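The structure under discussion appears below in the form of structure tokens.
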């Protein structure tokens, strides 16, 4: 029986192959867009800050979603969207409605999606792609649309390499870059799940760098036109009309909901209405993997972003603050961080505790590094489940936004003036397997804004992991220190982890998963 199943699997996957890439037509971001509405809006500020870019932080989910809607509604010539996940939920359908409306106005839309999470969406993707002003491309796609996991099992090495990038750019003038995918959990619209994250809205020269990264991926060897993979709609116009009608109905239905009211009350919506969007000017640049990364061996780092990020972080002279939800350092990384501490740099790391992580295997990969990090003098914090309640009580909305679940922001601050915001985690998967990107900005004012009060509140929103001296002859033991109701409390064992979960974590550490985390 097993032999029969293997034969069926081989037959189904062998019958599907990726299309010839020779037929895809290259395209690039529009270069001359200064005469657009967005271009004119930026002109005065850029004249006052030559060579600099402008940034506006988006730490809250509603602000981040309003910014994306504003880009879609303000675009006149082009919209470029690049995402790892684009869910068909409330926020996904609302943003897609705005994108289709832009295409109806004549805006050219290029939608580049990683194919991993698109199972069952082929008809919708084909309908979107059928719009005359929208082209959809799928990154590193499954050739077999109906036997995806069978293909994953037989072509694992290729399909394990994913595009984790997140960006949305309008008219090559304004862009949103950061850690958020498109989905309710990333924009505080899901009552059950909320990923605390950070994006930035940016304008100026850095946008052209973001567009260059998009063009590299759009025209790269792993991006395939959806039309070459999906069955063509029998009646393209009818499919587009049906899609448009469905999105309009969904948008109308959503307008009376609680989330719509939250969007209208958001700081971003109010700033746009008042015409007083706070601006932080500074030099900006992009750090990104090349699109060809997924076609090269994982150990070939010529196309990798991590070496560039490492040089940025290694420039720290006084202070290095790392926020990474998926933090899995190897021996070399631990030694590098220890070296920074030895030369007098204060190194602080905030990651997820076991209680809030959404990937237990990642915590299993991270936990063994704690002792070495602490012994090197590194400050280690783990976000706790009550973080949102603590932050809301104080009215503080810095790197931690409305959260009922898990940290998702990837941000790294150097000496209080350099800030990286993007999709890149400090783990083996981001370093070697997935593609990643982010922006680096030089703004002491913005770093101060995001960091204000966070140091004082860390013990309220997180556990500080520490080494406590053991009894005579015993090695130091791990303890978790936090502040509850104004009083310090020390946990002698990992908080919110049952005995059975301890066993599960131990078993996960026995599996050869390190390179996949």
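The values are calculated or read from the model by the stated rules, or taken from the named source; none is laboratory data. Remember, predicted model here, so these are calculated numbers, not experimental data. Neighbour counts are summed over all protein chains in view; Cβ atoms, including those assigned to glycine, are modelled from backbone coordinates with ideal geometry.
Details
- Residue in the stretch 113-131 that is surrounded by the most Cβ atoms within 10 Å (Cβ to Cβ), counting only those that are touching a helix residue (DSSP H, G or I) at 6+ places or on another chain (Cβ under 6 Å) and under 28 Å from residue 212 (Cβ atoms): 129
- In the stretch 491-502, the count of residues that are touching a residue at least 24 places away in the same chain (Cβ under 8 Å) and farther than 17 Å from residue 386 by Cβ is one or more.
- Among the candidates 316, 321, the residue that is in a strand (DSSP E or B) and crowded, with 19+ Cβ neighbours inside 10 Å is uniquely 321.
- Considering only residues in the stretch 154-166 that are under 26 Å from the mean Cα position of the chain (by Cα) and more than 15 Å from residue 85 (Cα to Cα), the one that is surrounded by the most Cβ atoms within 10 Å (Cβ to Cβ) turns out to be 159.
- Within the stretch 18-33, residues that are surrounded by 14 or more Cβ atoms within 10 Å (Cβ to Cβ) sit with their Cβ atoms under 6 Å from residues that are outside any loop (DSSP other than H, G, I, E, B), at 6+ positions apart or across chains, in these pairs: 19/228; 24/225; 29/211; 29/215; 30/78; 33/39.
- Wholly enclosed helices (runs of 4 or more DSSP H) of the stretch 402-517 bearing at least 1 residues within 23 Å of residue 61 (Cα to Cα), in contact with a strand residue (DSSP E or B) (Cβ under 7 Å, 6 or more places away or on another chain) and in the same structural domain as residue 194 (by TED's automatic domain parsing): none
- The condition of being assigned by TED's automatic domain parsing to the domain that holds residue 145, out of contact with any strand residue (DSSP E or B) (no Cβ under 8 Å at 6 or more places or on another chain), closer than 30 Å to residue 52 by Cβ and in a helix (DSSP H, G or I) holds for only one of 241, 215, that being 215.
- Any hit, the stretch 134-148, residues being in contact (Cβ under 8 Å) with a residue 12 or more places away in the chain and within 26 Å of residue 263 (Cα to Cα): no
- Set side by side, the residues 107, 100 differ, and just one is touching a helix residue (DSSP H, G or I) at 6+ places or on another chain (Cβ under 8 Å), under 26 Å from residue 183 (Cα atoms) and modelled with pLDDT of 95 or more, which is 100.
- Among the residues of this structure, residue 348 does not count as one that is part of a helix (DSSP H, G or I) and surrounded by fewer than 20 Cβ atoms within 10 Å (Cβ to Cβ).
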